[in-house]
Each structure stands twice: as C-alpha cells, then as structure tokens.
Amino acid sequence: MLIVTSMKLFILAALFGFSLAQHNPNFKHGRTSIVQLFEWRWVDIAAECERFLGPKGFGGIQISPPAEHIVLTSPWHPWWQRYQPIGYKLCSRSGSEDELKDMITRCNNVGVNIYADAVINHMCGASGGAGTHSACGSWFNASKKDFPSVPYSSWDFNDKKCKTGSGEIEDYGDIFQVRDCRLVSLLDLAVEKDYVRSKLAEYMNKLIDMGVAGFRVDACKHMWPGDLENIYHRLHNLSTAWFPSGSRPLVYQEVIDLGGEAISANEYVRLGRVTEFKYGAKLGTVFRKWDGEKLFYTRNWGEGWGFMSDGHAVVFIDNHDNQRGHGAGGASIITFWDSKLHKMAVGYMLAHPYGVARVMSSYRWNRHIENGKDKNDWMGPPSYGNGTTKPVPVNPDQTCGDGWVCEHRWRQITNMVIFRNVVNGQPHSNWWDNQSNQVAFGRGDRGFIVFNNDDWDLDVTLNTGMPGGTYCDVISGQKEGGRCTGKQIQVGDDGHAHFRISNTEEDPFVAIHAESKL
Ligand code: QV4
Ligand code: CA
C-alpha cells in the first residue's frame, strides 16, 4: 500500500483536476446546481424535492440553519435569529428533527442533496437574555454564557483571548480581533478547545449520519483555519444509503473577500470550497453597466477576473445577506427585485463553467429604503401573527404564493439549471462579442447562449459549434411535446445560426442545448 501524504494528494489533485475531499459537491446523476431555499420549512422542502427539484435536475439545496436558535420579539421574529444558536437540538423555525430527517430522506431519494448551514463560530448575542425564548424551549442564559443543552459554560468562549476594549471586532485589519472577538456582539466560541471542537463535530456528524451531503459553514473568516481543519477531520464519511462509500462531506466556507482586507479567502481554500463574493458583486456591476463595465469584458470571466481557482469556488448572484444590504457587495448586487437583470445574470452564471453554482430562492418583504438602507432588512419569512412560518403554496401556473418568490421556478432559471446539467464538463467555446454588451458563448457542442444587454437590437450570424438542426430556445419557452413553446433557432450543418434579439424583449437572451433539439 502506498501511503500518500495530504500534500502529495493535493499535487495529484491539481495535476489531474479531480476534486479534493470536501471540495466535491457529491452531486448525484450528473447534476450541477444548488438552490438556497432561504427560511423554507422542512415539510415544504420535502414536497418541493419530489414535485419540482428532483424532476427538474437540481443537484442540492442549502437549507437554513437547522439548530435550535434564539427567538426574538423586538424586532418580531427576524430572519437573523437563526444565526444565533442556543444549542444543537435539531429544532428550529423550519421544523422538528423528525421533519428534518424525513425531508433529508425524501430529497436524497429523488437525487437532491442537502447542505446544512452550520453556525459554529458563536452562540446568541451577549444581550440575548436568560430564559426559554428558543425555538424548542431549551433554557439558556446569555449574560452568564450558560447553554446547558450543549452544554457550554463561560469556559467555552473566547472573551479572555479577545484584546479589544469592547470585546467586539473593532478593526477588520487585525486578524486576531476578527477571529477571537465578538462579531456584532455574538458570543464567540473557543473553537481551539478540544471540548468545543468535539461538540461542533458531534452536531455536524449527526446531520451527516441523517444523510446531508455537506455544509455551508457560516462566518469562517471569524475562525482560525487550523481550528476548522481540526473539526473537518472529525467529520464522518457520508451515509452509504445514498453516497459511494468513502465520500467526504462538501464544505463550503463563508468568507467575504472582496479584496483589501487582512484575511483572504485563499487561507481557506485548502480546507474546502469558499464562497466567491467577487462573482456576484462584479457581475452585478457588469449587467448594470456601472463603473464603465461592459459585458464583453467578461470574455475571460473566472480566474481572469482575479477570482479564486475554479475548483475552490461556490458562486452566486445574491445570497440572503446581500439581497437586503447585509454582508457584502453593496448596491451592485442583482436580486429578484430587478427580475429582468436577475434572470440574465443567473443565466450567465449557469451557462458559464466556473465554480459550483448556487441559485437564490427568496421571500418578499416590505422593503423600505431610506438613505440607501433598508429599514425592514430584518423581516422574517411569510408568517402568521404568532411568528410561525407559513407554508409555500404552489399556484396553478407553477409560481409560488403567499410572498414566496421561488426564483428557482422561474422558467428562465429552471431551464438554465437544466442547461448546466446538459453541458456539464464541456469547455467554454465559440466566444463572440460586439465590443459592447452583446456576447455569446458555447459549451463545446452541447449548448450555446447569446445575450443582448445593449440598448439596441442584436442581429447576427454566429458559429454555435452545435450539430445542425432545429432547437428550442429555453429562455422564451422550451421544448414540449415535440415543438417549441418559444423561439426556434435553426442551426445549419456548418454550426452557424442566425440570432435576432431586440433590446426591448422581456428577456433579451437566447439559449439552446443538446436536449432542446427537436
Ligand atoms: C447589534 C449591534 C452590536 C451590538 C448588539 C447589542 O450590531 O454591535 O453589540 O446589537 O445587542 C443581529 C443584528 C445586529 C445585532 C446582533 C446581535 O442585526 O445588529 O448586534 O444580531 O444581537 C446575521 C445578520 C446579522 C445578525 C446576525 C445574528 O446578518 O445582522 O446580527 O445574523 O442574528 C460579516 C461577516 C459574515 C456575516 C456578515 C453578515 O464576516 O460572516 O457580516 N455573514 C454570516 C451570515 C449572516 C449572519 C452571520 C454571519 C452571523 O451569512 O446571515 O448574520 O451568524 O461580513
Ligand atoms: Ca471567532
């Protein structure tokens, strides 16, 4: 037997392009995309897997944090209460442990993976009070740092290590503060302690044994890479009920790195994937045509734009933070509120080979912007008066009701999720641009996409690289019962096709792929 050190493995992985453990999303059946079902209840997710996500080829779901969290009433049940754990009982605003388990099983059974959002840097805020105001009534005392349901006591927190006067992170330029002090007053766990590490790993392993395929790890910038490495090494292999034996959980770490901070995403890529926040911030700027950006500049999109290396990135247009002014990215972030641009930007991401792609699925709230800030950025999901989350109803036209946006059900987005599966593994090819905001590119001979983000029409003949035939555009419609419900694109035997896209169209882009051929 050859003993391969992890360094050698790393070099081998780099040479042969296979993913390291923990970088592999463990997708089933050649699927390729994750959808973030922000604040959905477990019972709704289970139903959505069976009726929509499984059949449409979604690879996985990022779920909201499943651990027991504080319940706040001022403001009234904000979404962010779920980022304030008070223990690791699997009991949350999204439902009970039984409901979680049933959902994980049913989603896995239809080929859809579950990735849990793991909040392991901290517990609730320091002024969280004492009592049983938690998702399942576990008692805790924030001022005494007493969380008996874990149990954690004041020994398990970082306060002695933190050197700032306030105990808070005051300067993001000081890596010690960022890791050892409190993020917005959240009680900072001593992740260097063996006991704390063992509790965190126990929590994550329980989820792995139930069948999750990996984790989005919250607030990684605020934890030392060495501490995270130790926890990740303790994680079990995935359940062999659904995954090949020896499969490691995917880990994708939330590190916001737009450049210019003391801590960089690169410190974490060795351990797992990392959220590439530059992606949505830059693509938003490009599609908005701000700062002199033009779509044709994305000819070398990906590493060419200073992003982390392809095998390390999880990419997205928006997330639950930056769609409401939290986190990073600022005003350039394109959300469902700008639906036309959103569909184009998500379409671009899903057509492009860089990174593991995550689609956002949101709820509507009473956005109220004053002086550039949303006063209602705290508002939780559609709820009843007592704060319990409402179900997600599906309308006859397949859209969602009751304030659930369900971007993942928008035809243009669903069809691009399918496009990404169809072109999986094919190279970025046959680039064309007009030196402005009209661009086109293919994915080998399996797919081709054309964008018109200029203020004038696009009218051009392009080499698609695809076999001759009639294809259905999957943006204006799709292939249904042997015909196209939207535009039809004629590809000649030489691979060339004529495209005409008016800038005033509802969706000024066109996409065809091998399985949309008549
Ligand atoms: C406030 C003040 C503090 C004060 C405290 C006193 O800001 O200075 O000491 O009151 O009571 C909420 C409130 C916040 C409040 C805090 C503690 O918004 O005002 O502190 O609770 O009571 C989410 C929200 C936060 C929220 C947090 C916990 O975005 O607003 O804080 O949940 O409920 C950085 C990080 C990055 C982070 C990003 C938002 O590097 O890791 O900020 N992103 C992740 C998650 C995000 C989550 C957290 C981290 C924390 O994606 O959703 O924050 O788990 O860039
Ligand atoms: Ca910390």
Of residues in region 250-266 being out of contact with any Cys (no Cβ under 9 Å at 6 or more places or on another chain) and of a type in the set (D, E, K, R), the one surrounded by the fewest Cβ atoms within 10 Å (Cβ to Cβ): Glu261
Condition met for Glu276 (under 16 Å from the mean Cα position of the chain (by Cα) and modelled with pLDDT of 95 or more): yes
Condition met for Asn205 (at pLDDT 95 or above, away from ligand 1 (no atom under 15 Å from the Cβ) and closer than 19 Å to Ile86 by Cβ): no
Pairs, first closer than 20 Å to Ala265 by Cα and more than 10 Å from ligand 1 (Cβ to nearest atom) in region 178-194, second part of a loop (DSSP other than H, G, I, E, B) and among the hydroxyl-bearing types (Ser, Thr, Tyr), C-beta under 8 Å, six or more apart: Cys181/Thr164
Selection count, region 314-335, where residues are surrounded by fewer than 21 Cβ atoms within 10 Å (Cβ to Cβ) and in contact with a helix residue (DSSP H, G or I) (Cβ under 6 Å, 6 or more places away or on another chain): 2
Unmet criterion (only one of (1) buried (at least 22 other Cβ atoms within 10 Å of the Cβ); (2) part of a loop (DSSP other than H, G, I, E, B); (3) in contact with a Gly (Cβ under 9 Å, 6 or more places away or on another chain)) for Cys136: (1)
When residues of region 181-208 are limited to those that are under 26 Å from Leu250 (Cα atoms) and of a type in the set (D, E, K, R), the one surrounded by the most Cβ atoms within 10 Å (Cβ to Cβ): Asp188
Close pairs (8 angstrom Cβ cut-off, 6 or more residues apart or separate chains): exposed (fewer than 13 other Cβ atoms within 10 Å of the Cβ) in region 68-80, not small (Gly, Ala, Ser) anywhere: Thr73/His133
Region 75-96 - residue that is under 22 Å from the mean Cα position of the chain (by Cα) and either of a type in the set (D, E, K, R) or at pLDDT below 95 (or both) and, of those, nearest to ligand 2 (Cβ to nearest atom): Arg82
Residue check, Met416 buried (at least 16 other Cβ atoms within 10 Å of the Cβ) and part of a loop (DSSP other than H, G, I, E, B): no
Some residue of region 282-297 being within 16 Å of ligand 1 (Cβ to nearest atom), among the small types (Gly, Ala, Ser), under 30 Å from Val119 (Cβ atoms) and at pLDDT 95 or above: no
Test: Gly125 is closer than 20 Å to Ser149 by Cα, more than 16 Å from ligand 2 (Cβ to nearest atom) and either in contact (Cβ under 8 Å) with a residue 24 or more places away in the chain or crowded, with 23+ Cβ neighbours inside 10 Å (or both): no
Pairs with Cβ under 9 Å, 6+ apart, first in region 304-320 and within 17 Å of Asn266 (Cβ to Cβ), second within 16 Å of ligand 2 (Cβ to nearest atom): His312/Tyr268; Val314/Gln253
Positions within region 209-230 being hydrophobic (A, V, I, L, M, F, W, C), surrounded by fewer than 22 Cβ atoms within 10 Å (Cβ to Cβ) and either more than 12 Å from ligand 2 (Cβ to nearest atom) or at negative phi (or both), in sequence order: Met210, Trp224
Scan of region 141-177 for residues that are within 14 Å of ligand 1 (Cβ to nearest atom), crowded, with 19+ Cβ neighbours inside 10 Å and touching a residue at least 40 places away in the same chain (Cβ under 8 Å), ordered by number: Ala142, Ile169
Count of region 502-512 residues which are in contact with a strand residue (DSSP E or B) (Cβ under 6 Å, 6 or more places away or on another chain), closer than 10 Å to Asp473 by Cβ and either of a type outside the set (Gly, Ala, Ser) or without any contact (Cβ under 8 Å) to a residue 24 or more places away in the chain (or both): 3
Matching residues, region 393-425, being closer than 18 Å to Val359 by Cα and among the β-branched types (Val, Ile, Thr): Thr399, Val405, Ile413, Thr414, Val417, Ile418, Val422, Val423
Tally, over region 158-176, of residues that are touching an Asp or Glu at 6+ places or on another chain (Cβ under 6 Å) and within 11 Å of ligand 2 (Cβ to nearest atom): 3
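The values are calculated or read from the model by the stated rules, or taken from the named source; none is laboratory data. These numbers come from a predicted model, not from an experiment. As a convention, Cβ positions derive from the backbone with ideal geometry for all residues, glycine included, and neighbour counts pool all protein chains shown.
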